[in-house]
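See below for the structure under consideration.
The values are calculated or read from the model by the stated rules, or taken from the named source; none is laboratory data. Bear in mind the structure is a predicted one, so any value in this text is a computation, not a measurement. Cβ coordinates were reconstructed from backbone atoms using ideal geometry, including for glycine residues, and neighbour counts include every protein chain displayed.
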Amino acid sequence: MVDDWEIFKKSVSPIKDKTKIIFNRKIKKKQALKKSESNLEDLAGLDIKSTDNSKTLEKNILKKILKGKIRISATLDLHGYSLNESKKLVLEFINNNFKSQNRLVLIISGKGKRLSVADGWEGVGILKKNIPIWLNSVTLGEKIVWFDHAPPSKGGKGAFLIYLKKAIR
């Protein structure tokens, strides 16, 4: 019986380029520390409400969004994430899409815990309640033109459509 390892060794060819890659761990640690410090400042800024609450959108752009003529560039689904994890993900998601020049993005929070018929079946979700606070914050408010609940076809009250500003290069 032929050993599987022997068959594998015969089928594999060596790497032609033998350049060694050396990582400088000290630099990476310093960069990681700087990045985590700035992320902590940004995360703290998500809880500070922005004074500019005039999040209005031009009527024609809003019509195009609702009709689906402006496509959603990126989607973030927060099902299964804790509040703190979601906070970090929303911050990174908005920042990355702002830098990438994506204008219309979707964040799915879920509708939350279902209530009884007497309460109107309306869900009460932690993320559903906190995402608008984060989007109105000092940190993210300067990158967002407009946001609102998504239309029923895109998630309804369990999702948020966000229209981002153009990044100045």
* **Subset of segment 71-85 (residues that are crowded, with 16+ Cβ neighbours inside 10 Å and either farther than 11 Å from residue 105 by Cβ or touching a residue at least 40 places away in the same chain (Cβ under 8 Å) (or both))** => 72, 78, 81
* For segment 61-98, which residues satisfy the criterion of being assigned to a helix (DSSP H, G or I) and hydrophobic (A, V, I, L, M, F, W, C)? -> 61, 62, 65, 66, 83, 89, 90, 91, 93, 94, 98
* residue 166 of a type in the set (D, E, K, R) and assigned to a helix (DSSP H, G or I) -> no
* Asked: Does residue 65 qualify as being surrounded by 12 or more Cβ atoms within 10 Å (Cβ to Cβ) and at pLDDT below 90?
  -> yes
* **Criterion (over 24 Å from the mean Cα position of the chain (by Cα) and modelled with pLDDT of 80 or more) met by exactly one of 7, 70, 27** => 7
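So that you can scan it fast, the table gives a plain yes or no per residue for (1) of a type in the set (Asp, Glu); (2) assigned to a helix (DSSP H, G or I); (3) modelled with pLDDT of 90 or more:
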residue	(1), (2), (3)
130	no, yes, yes
134	no, yes, yes
139	no, yes, no
148	yes, no, yes
157	no, yes, no
162	no, no, yes
